[in-house]
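Okay, so here's the structure we're looking at.
Nothing in this text is a laboratory measurement; each read-out follows from the coordinates by a stated rule. Please read all numbers here as calculations on a predicted model, not as lab measurements. Here Cβ is always computed from backbone atoms with ideal geometry, including for glycine, and neighbour counts include all displayed protein chains.
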Amino acid sequence: MNTAVAPRIRHPHGITTVDAEYFRPGFAAVHLLERGGRVAVIDSGANSSVPLVERALAELGLERDAVDWLFLTHVHLDHAGGAGALLERLPRARALVHPRGAAHLLDPTRLEAATIAVYGQAAFERLYGKLVPIPAERLQQTANGEHVQLGSTQLLILHTPGHALHHQVLFDAEARAVFTGDTFGVSYRELDCERAAFIVPTTTPTQFDPEQLLDSVRRIEELEPESIYLTHYGRVTDVPRLAQALREQIEHFVVLAGEHATVPARHEQLRGALRNYLVARAQVHGVADAGAAVDAVLSADLELDTQGLIAWLDRTQK
């Protein structure tokens, strides 16, 4: 099992992965996309990630005023918690956000409260600190299918619900790369095996919807990308195989959720069933000591995925 994660990784086509140093190394990434000296930052990480983004720009020889866009895949705080603080350091940048997420960036009070409800006050303060509102004039709401300009390159924005109603992805046709946030799942480098990535869908609360997520995965695959840039974590290729793996797992997650809808202690039972299913997939994939690896790398994801599936059950069974 490969556990080495670099704090900054250069990729082809002017793309750089920066470790956001959120939760643990190799868990969450901020991506930089450079075209002709102009830059788009994809996701912000938390407040603590802001100096890491600044340092990466400096190491790449890019000024802070070279950043035109902060593209937020969605407003969950591991992706957008540092957006306001980062914009304060990027004088020319504007945030690109799904219309459903804009209000939470203008006034993050409800977002703070919802996150505290999931993680608790102490964890919220440790992970995120105080959220900085984004001024309205620096916030641009997106439309599905629209293009934005970066240097001489046009970037396509697609709205991709399923993980969250306010989720969107960014497609760079020149690089044949899609920056997918959480729509295309999570793939941690510690679970790579013989140069093949192991991928898992993310069904976190509160807006998981399997039909929408399956459709969003399909639409990403139809772009025929050469590479996918995940917030969790970094660049993956072999997109058709990964898309098929996501479809299989999303469908099976739903089956497992239905099987545990009415059992006693359903949270613990469903979490255990998800864990056993992923361990079996990891074993087939060739991950050494698959049980220990899944427990070490996917424990936090499993907990949130279980919460999301239960929230979906409760919502759909009313």
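So the values come out like this:
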quantity	calculated
Length-normalised contact order of the range 1-93 in % [C-alpha pairs under 8 Å, at least 6 apart]	24
Amide H contacts of ARG8 (H built 1.01 Å from N, under 5 Å, at least 5 apart or other chain)	ASP19
Relative contact order (%) - the range 8-238, alpha-carbon pairs under 8 angstrom, separation at least six	18
D_trans [Stokes-Einstein, Kirkwood Rh over alpha-carbon pairs] for the chain, 20 °C, 1.002 mPa s, µm² s⁻¹	109
Positive minus negative residues near ILE116 (Lys, Arg vs Asp, Glu; Cβ under 13 Å)	+1
